[in-house]
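Trainee: I'd like to ask some things about the structure below.
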Amino acid sequence: MTGKKEVQVRKYFSQEFGGEVPTGKVLDLFQNFQTHPLGEGISYSLFNGVIKKLRGPQTPADVTQTSRVVATPAAAVKDFELEIVEIGNMQFPDFKCFKTDTLLDKLFSDHDGGGGIYGGTANIVIGESGVGKSTVMLDVLAKIKSNQPAAKILYISSEMTRNDLFFYYSKMPIIAEVPTLLLMDYIQTGFVKAIEKALTGEHDVILIDSHQDIIVKLKDVLGWKSTYAEAWLTNLVIKAADGMGKSIFCIQHMTKGGTYVGSTYLKHATTSMMEIKFGPGNRRYLEFTKNRRGGSLVNKPLFFSMADGQVVYDQASWDLQIRAEDVAHTEEARREELESEFDALFLSATLATSSVEEPTEFTEENKVEVEQ
Amino acid sequence: MLSQAQFNEAKLAAINTEPLTKPVMLSEIKLSDNSQKDGFIHLNDSRVPASGAFFKQLASLLNINQTLNSKFEKNGDAAIGNKLIGAVKHYTENRGGDVPLMMVANRDHREITGIVKADKFARISNETLFKTAEGILNEVPDMHIESIDNGNGTSRINLIHTSEVGFERIGPDEVFRFGVSLVNSPTQTQVDDFFYRLVCANGAVAKDMTAAFQLKQANATGIAELFQSLKAYGKTGFVPRAFADRLERATGTRASLQEVQRAVDSVVGNLKHEDPEMRRRLQESVVDNHFPMYKSTMARVFNAGHNPDFLTDKQKSFVKTGMSVWDLVNELTWLGSHNTIEEYENRARFKAAGGSLFAKSNYDLEAAQFATI
C-alpha cells in the first residue's frame with residue numbers, strides 16, 4: 001500500500017519533473033521540496049525512500065537485489081508441461097527484409113532475393129575509433145530509406161550532439177532524411193524511458209550509437225551498476241529484435257589492439273557481428289565475423305570508400321576476391337588429383353617390392369666406418 | 001608474338017608436365033644406408049626413386065651444411081652423408097621438428113625431385129597460370145604473349161604491352177615495351193618484370209625489381225593478392241618504378257671483369273655441339289662477337305703481371321672492362337631472344353641472366369670514381 005505521504009512526494013515529482021527524479025544530491029532536492037506546498041510535513045528519510053523507489057536501483061545493495069537473477073527452487077514452481085514443437089510446425093512471423101541496394105545486402109544475408117537486412121535480428125557493429133562505424137551505418141539507414149521509403153528507420157545517438165551531427169550531415173548529405181533521436185536531450189530527465197520508447201516503438205530498423213556509451217551514461221548519470229545496465233540494455237535489444245521483429249544494430253567499441261569492448265552476453269545473443277577495419281594502405285573494409293543470416297560470406301572483406309558524400313563499395317576488388325576463391329577451390333581439387341597421380345605412380349603395389357633394401361632407422365650401433 | 005595455336009600448344013605441354021605433389025610428414029620419409037647413393041627413399045612401404053636435388057633439399061631442410069654434404073659426395077663418402085641426414089632427421093623428428101612437407105616429383109623422369117616445408121609451397125597449377133595469362137590478355141587491351149619458356153620443370157609466360165616507353169634522355173635507342181613474366185617453378189609462383197628493348201628486339205626478365213611479386217600461399221588470400229598485384233602493374237603500364245634510374249646507372253657504369261666473366265661462362269657453358277673441337281671454336285666465336293672486351297681485359301690483367309686465372313672474384317670485381325653494364329645486359333638478352341647459328345641447352349635463361357644483372361642492387365664498379373678521390 002502506498003501511504004498518503006508517499007503519494008504527496010510522488011505527486012511533487014510528477015508535477016515538477018514529469019515523474020522522473022532529477023540528478024543531484026538528495027539533500028538539495030529535499031531543501032527545494034520543503035519550499036513547495038506539497039513539502040509540508042514530510043521527513044527527509046521518507047523523501048529519500050520515495051526517491052530510491054522512483055530512481056530504481058541505485059545503491060549497490062538495491063542493485064544487487066534487483067539485478068541478481070535468483071532461480072526459484074524447483075519445488076516452489078507449479079508443475080507445467082514443456083512445449084516442444086517440431087521446427088516445421090512452429091509459427092514464424094512474416095520477416096520483413098530491408099535493402100540498401102548495394103553490395104552490402106549480399107553480406108547481410110545470403111537467402112533468396114539478393115540479400116538484405118532481415119527483421120528479427122540483433123546485430124553488433126564494431127571497429128576502432130575513427131574507422132567509420134557511424135558513417136557506414138548511417139549510410140545504410142539512408143539507403144534503406146531511399147530504396148524503401150515506407151521503411152521505418154531510426155538513428156539513436158547517445159554520443160553525438162546536434163552540433164556533431166551538423167558536420168556529419170555536411171559531409172554526408174545523404175543522411176538528411178534519417179530520423180534521429182538525440183539521447184543527450186533526455187540526459188536530465190526521461191533517459192531510460194526514451195530508450196525504452198525508441199526501441200519498442202514503431203521503428204523497423206534501429207541503429208544504436210553506441211551501446212557502450214548508453215551503458216556508461218546509465219552508470220555515471222543514473223548511478224546504475226554497469227552489469228545491470230548492460231543486462232538491461234541487452235535484454236531490451238533482444239526483446240525488440242526477437243520479440244518485436246525489429247532489426248537492431250548496436251555500434252560497439254573496440255580497443256586499438258582489436259579487442260571487442262562489451263559483454264559476452266551481447267556478443268553471443270546477436271545474429272551477426274560486423275567488423276570495420278583498416279586494411280592495407282589504410283583502405284577501410286568491413287567483414288562479418290559472425291552471421292546467422294549470411295554464413296557463406298563470413299570473413300570476406302568488402303572494401304569501401306567515401307565518394308560524393310556517401311559510402312561506395314569496391315565492386316572490382318570484391319569480384320576479384322570471389323574469382324580468387326573460385327580459383328583456390330579449383331587449385332585444391334587439382335592438388336588432390338596430383339596427389340592421387342603421385343600415389344598411383346610411386347606408391348602402387350608394383351613399385352613396393354619386398355626384395356629391396358629395408359629402411360634403416362638411426363641408432364647408436366648403426367655406425368659407418370670412415371676409411372683412412 | 002605467339003599465335004593462339006602456339007599458346008595452346010605450350011599450355012598443353014605445361015599441363016602435361018605439371019609436377020606431381022604429395023604432402024608428407026618428415027617422419028614418413030624413411031632412408032636406408034644407400035638411399036643417397038642409389039637414389040631412392042622409402043615412403044609408405046614403397047621404394048620411391050629420388051634425385052640428387054631431392055637429397056640436397058632434404059639436407060637443407062634439416063639445416064645440414066651444404067658444403068659438408070657436397071664434400072661427402074665428392075670424396076666418395078656418400079654413406080656418411082646419408083648417415084648424417086638420417087641422424088639429424090631422427091633428432092629433428094623427436095625434438096618437435098616433425099613438420100608437414102610437400103614433395104615434388106617429375107612424372108616423366110619418375111622420380112622425386114624436390115621437397116619443401118608445406119607452408120613454403122606457394123604455387124598455382126600450370127593450368128591456372130595459363131588461365132591467368134589469358135585473363136590479362138582479355139582485360140588489358142594491347143597485351144600480347146611475347147614468348148613462353150617451358151623447361152626444367154619451370155613454365156614462364158612473358159606478356160608484353162604494345163605501348164612504347166622511351167628514355168631518350170639516356171639514349172635515342174632506349175625505347176622499350178614493358179610487361180610481366182608469370183613464372184611457375186616446381187614449388188613457387190611468381191611474377192617477374194619483363195621488358196623488351198625495341199631497337200634490338202631483346203626481351204629481358206628481371207626478378208627482384210620493385211614490382212616483382214611472389215605468391216605467399218596458394219589459397220584464396222594469396223591468389224587474390226596475385227590478381228591484385230597484376231591489376232596494380234596494369235595501372236602503371238607495367239613499368240617498374242625504378243626502371244629509368246636503373247637504366248641510367250646501367251648505361252653509366254662499366255661492367256667489371258667479374259660481371260663479364262660470369263656472363264661469358266653462362267653462355268659458353270650452355271653452348272652445345274657434339275664435336276668438342278667445333279664446340280670450342282663456336283665458344284671462341286661467341287666470345288669474340290658478343291663479349292669482345294673480355295679477351296682484351298684478360299690480356300691487360302696478364303700484362304700487368306697477374307694471372308687472371310688466380311684472381312679471386314672480389315679482385316676481378318675491381319677490374320674495369322670496356323663495356324657498360326647495359327651493353328652486357330643487351331648481349332645476354334640478345335642471345336636469349338634470337339636464334340643464332342650456335343645452339344644452346346636453354347637459351348631462355350639468358351633473358352633471366354640479363355635481367356638479373358640489370359636488377360642487381362649495386363653494380364661492381366658503380367662507385368669506382370670515388371676510389372680516385
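The values are calculated or read from the model by the stated rules, or taken from the named source; none is laboratory data. Everything numeric in this text was worked out from a predicted model, so none of it was measured. Neighbour counts are summed over all protein chains in view; Cβ atoms, including those assigned to glycine, are modelled from backbone coordinates with ideal geometry.
Trainee: Given (1) crowded, with 21+ Cβ neighbours inside 10 Å; (2) more than 11 Å from chain A (Cβ to nearest Cβ); (3) farther than 26 Å from B:G355 by Cα, identify the lone condition not met by B:A105.
Mentor: Here B:A105 meets the rest and fails (2).
Each row is one residue, and each column tells you yes or no for (1) among the hydrophobic types (A, V, I, L, M, F, W, C); (2) in a loop (DSSP other than H, G, I, E, B).
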residue	(1), (2)
B:N330	no, no
B:L335	yes, no
B:N346	no, yes
B:L357	yes, no
B:D364	no, yes
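Trainee: Here is a follow-up. From the list B:K89, B:K71, which one is part of a helix (DSSP H, G or I) and in contact with a strand residue (DSSP E or B) (Cβ under 8 Å, 6 or more places away or on another chain)? If you could, list the steps in order and put the result at the bottom.
Mentor: Values: B:K71 fails: in contact with a strand residue (DSSP E or B) (Cβ under 8 Å, 6 or more places away or on another chain).
After ruling out the rest, the residue left standing is B:K89.
Trainee: Among the candidates B:F121, B:F167, B:F130, B:F178, which residue alone is surrounded by 14 or more Cβ atoms within 10 Å (Cβ to Cβ) and out of contact with any Leu (no Cβ under 9 Å at 6 or more places or on another chain)?
Mentor: B:F178
Trainee: Mind telling me which of the residues B:L332, B:L282, B:L328 ends up being farther than 17 Å from B:T251 by Cα and either touching a Gly at 6+ places or on another chain (Cβ under 7 Å) or surrounded by 14 or more Cβ atoms within 10 Å (Cβ to Cβ) (or both)? Spell out how you get there, then give the answer.
Mentor: Numbers: B:L332 fails: farther than 17 Å from B:T251 by Cα; B:L328 fails: farther than 17 Å from B:T251 by Cα.
Answer to the check: B:L282.
Trainee: List the number of the failed condition for B:P49; all other conditions in (1) buried (at least 17 other Cβ atoms within 10 Å of the Cβ); (2) under 23 Å from the mean Cα position of the chain (by Cα) hold.
Mentor: That leaves (2) as the condition not met.
Trainee: Would you check if A:P149 is more than 20 Å from the chain's Cα centre (by Cα), more than 25 Å from A:L266 (Cα to Cα), in a loop (DSSP other than H, G, I, E, B) and not aliphatic (A, V, I, L, M)? Give the derivation first.
Mentor: Values: more than 20 Å from the chain's Cα centre (by Cα): yes; more than 25 Å from A:L266 (Cα to Cα): yes; in a loop (DSSP other than H, G, I, E, B): yes; not aliphatic (A, V, I, L, M): yes.
Yes: the conditions hold for A:P149.
Trainee: Follow-up question, since we're still on this one. Working only within the range A:32-74, note down all residues that are of a type in the set (S, T, Y), at pLDDT 80 or above and surrounded by 12 or more Cβ atoms within 10 Å (Cβ to Cβ).
Mentor: A:Y44
Trainee: Separate question: Being at pLDDT below 90, touching a Lys or Arg at 6+ places or on another chain (Cβ under 9 Å) and closer than 16 Å to B:Q258 by Cβ narrows it down to one residue among B:S361, B:S356, B:S324; which is it?
Mentor: Checking each option against the conditions leaves just B:S356.
Trainee: Next question. So, in the range A:323-366, exactly how many residues are modelled with pLDDT under 90 and more than 8 Å from every other protein chain (Cβ to nearest Cβ)?
Mentor: Of the residues in the range A:323-366, 7 are modelled with pLDDT under 90 and more than 8 Å from every other protein chain (Cβ to nearest Cβ).
Residue-by-condition table, conditions (1) over 30 Å from B:H338 (Cα atoms); (2) more than 9 Å from chain A (Cβ to nearest Cβ):
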| site | (1), (2) |
| --- | --- |
| B:F7 | no, yes |
| B:A10 | no, yes |
| B:K30 | yes, no |
| B:R47 | yes, no |
| B:F54 | yes, yes |
| B:I112 | yes, no |
| B:I115 | yes, yes |
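Trainee: Okay, moving on. Scan the range B:237-251 and tell me whether some residue there is on the phi > 0 side of the Ramachandran plot and away from every other protein chain (no Cβ under 14 Å).
Mentor: Within the range B:237-251 (the criterion being on the phi > 0 side of the Ramachandran plot and away from every other protein chain (no Cβ under 14 Å)), the answer is yes, since at least one residue qualifies.
Trainee: While we're looking at this one, here's another question. Can you find even one residue in the range A:225-240 that is in contact (Cβ under 8 Å) with a residue 60 or more places away in the chain and not in a helix (DSSP H, G or I)?
Mentor: Within the range A:225-240, one or more residues are in contact (Cβ under 8 Å) with a residue 60 or more places away in the chain and not in a helix (DSSP H, G or I).
Trainee: Enumerate the pairs (first residue in the range B:119-142 and away from every other protein chain (no Cβ under 13 Å) and touching a residue at least 12 places away in the same chain (Cβ under 8 Å); second residue anywhere and surrounded by fewer than 21 Cβ atoms within 10 Å (Cβ to Cβ) and among the hydroxyl-bearing types (S, T, Y)) with beta-carbon separation below 6 Å, excluding pairs fewer than 6 apart on the same chain, so at least 6 apart or on different chains.
Mentor: Hits for this filter: B:D142/B:T162.
Trainee: Filter the range A:252-279 down to the residues that are β-branched (V, I, T) and either within 18 Å of A:D139 (Cβ to Cβ) or not in a loop (DSSP other than H, G, I, E, B) (or both), then identify the one that is farthest from the chain's Cα centre (by Cα). Full working, then the answer.
Mentor: Initially, the range A:252-279 is screened for residues β-branched (V, I, T), giving A:255, A:259, A:261, A:264, A:270-271, A:276.
Among the residues that remain, those that are also either within 18 Å of A:D139 (Cβ to Cβ) or not in a loop (DSSP other than H, G, I, E, B) (or both) are: A:264, A:276.
Details: A:T264: 11, A:I276: 13 Å.
If we take residues in the range A:252-279 being β-branched (V, I, T) and either within 18 Å of A:D139 (Cβ to Cβ) or not in a loop (DSSP other than H, G, I, E, B) (or both), then A:I276 is farthest from the chain's Cα centre (by Cα).
Trainee: Is it the case that the range B:78-94 has a residue that's away from every other protein chain (no Cβ under 11 Å) and of a type in the set (D, E, K, R)?
Mentor: No, every residue in the range B:78-94 fails to be away from every other protein chain (no Cβ under 11 Å) and of a type in the set (D, E, K, R).
Trainee: Any chance you could count how many residues in the range A:122-140 are charged (D, E, K, R) and assigned to a loop (DSSP other than H, G, I, E, B)?
Mentor: 1
Trainee: In the range B:51-107, which residue that is without any contact (Cβ under 8 Å) to a residue 12 or more places away in the chain and small (G, A, S) is farthest from B:D119 (Cα to Cα)?
Mentor: B:G76
Trainee: Mind listing whichever residues of the range B:231-250 are in a helix (DSSP H, G or I) and touching a residue at least 40 places away in the same chain (Cβ under 8 Å)?
Mentor: The answer is B:Y233, B:G234, B:F243, B:A244, B:R246, B:L247, B:E248, B:R249, B:A250.
Trainee: Oh, and also: Looking at A:K197, A:K219, A:K193, A:K171, can you tell me which residue is closer than 21 Å to A:N123 by Cα and charged (D, E, K, R)?
Mentor: After applying the criteria, what remains is A:K197.
Trainee: Against the condition modelled with pLDDT under 95, exposed (fewer than 13 other Cβ atoms within 10 Å of the Cβ) and touching a Leu at 6+ places or on another chain (Cβ under 9 Å), how does A:Q315 come out, does it pass?
Mentor: Values: modelled with pLDDT under 95: yes; exposed (fewer than 13 other Cβ atoms within 10 Å of the Cβ): yes; touching a Leu at 6+ places or on another chain (Cβ under 9 Å): yes.
Judged against the criteria, A:Q315 is a match.
Trainee: Also: Would you confirm whether any residue within the range B:144-158 is of a type in the set (D, E) and over 22 Å from the mean Cα position of the chain (by Cα)?
Mentor: Checked against the condition, which is being of a type in the set (D, E) and over 22 Å from the mean Cα position of the chain (by Cα), the range B:144-158 yields no hits at all.
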